1. To test your reading of the geometry: what angle, between 0 and 90 degrees and rounded to tens, separates the Cα axis of helix 121-132 from the longest principal axis of the chain?
2. What dipole magnitude, in Debye to the nearest 20, does the chain give about its Cα centre under +1 on Lys/Arg Cβ and -1 on Asp/Glu Cβ?
3. Using only the alpha-carbon atoms, how far is helix 168-183 inclined from the longest principal axis of the chain? Give it as 0 to 90 degrees, nearest 10.
4. What's the exposure ranking of His32, His115, going from fewest to most Cβ atoms within 10 Å?
5. Longest segment of the chain with no GluC sites (Glu not before Pro) in a DSSP loop having at most 14 other Cβ atoms within 10 Å?
6. Under 20 Å between alpha carbons, and skipping anything fewer than 8 positions from Lys163 in its own chain: which aspartates and glutamates qualify?
7. Calculate the dipole size of region 72-183 relative to its Cα centre from +1 charges on Lys and Arg beta carbons and -1 charges on Asp and Glu beta carbons; express the result in debye to the nearest 20.
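Bear in mind these aren't lab numbers, they're just calculated from the coordinates by the rules spelled out. A quick note: this is a predicted structure, and the numbers were derived from the prediction, not measured. With ideal geometry, Cβ positions are generated from the backbone for all residues, glycine too; neighbour counts draw on all protein chains shown.
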Amino acid sequence: MELREKIIEEAEQLYREYGLKFTLQDIAARLHIAKKTIYRFYPSKDDLCAAVIDHAFEKIQAAKSRILADETLSLKEKAERVLIAMPDTYAGMDLRSLTDLPQQYPKAASALQKHLQSDWDPVIALLEEGRREGVFRKVSYPVLRTMIASAITSFMESDVLEKESVSYSEGLREMMVILMKGIAYDKDDQN
């Protein structure tokens, strides 16, 4: 495995254990390398955190592709899963601890926002297919994208879930239940 990838994976592991409180020295110690070696790849912790977010979204996009290609799922099941896709490696992470991301790590926060606002074409194609087949209502995709991205950002940047003792994954699932009941046709409602 390439050293750059090892650094990212160790940062992800340390995040699981300590949230954003891990240091570059923690990574260096675990990998038995000098801290300056990390600086060759990532000039700051902010740069490393942005790279970790990019890496995470690569995995999320791969998970979305697998969901979209799964012929055993209905359009509704695909939409429910793809809109909140989270690879198993991130399922146990408590992303609620990202509340300090915008203040402490602006590059990482910017990377997160970029990913939340991009890569929607396959999802929109799925929703369009569902609309043509009478599974979904016609909705404004920019509004839908903004609602989902804003909810995800809010979950990570506020303590609303923590105050209610709701995990990040549970919050995403509940958001999807609420969202799908708003866009999925009931058997009695075909207008």
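1. The two axes meet at around 10 degrees.
2. 400
3. 20
4. His32, His115
5. It runs 3-70.
6. Straight-line reach from Lys163, under 20 Å: Asp94, Asp100, Glu174.
7. The calculation lands at about 460 debye.
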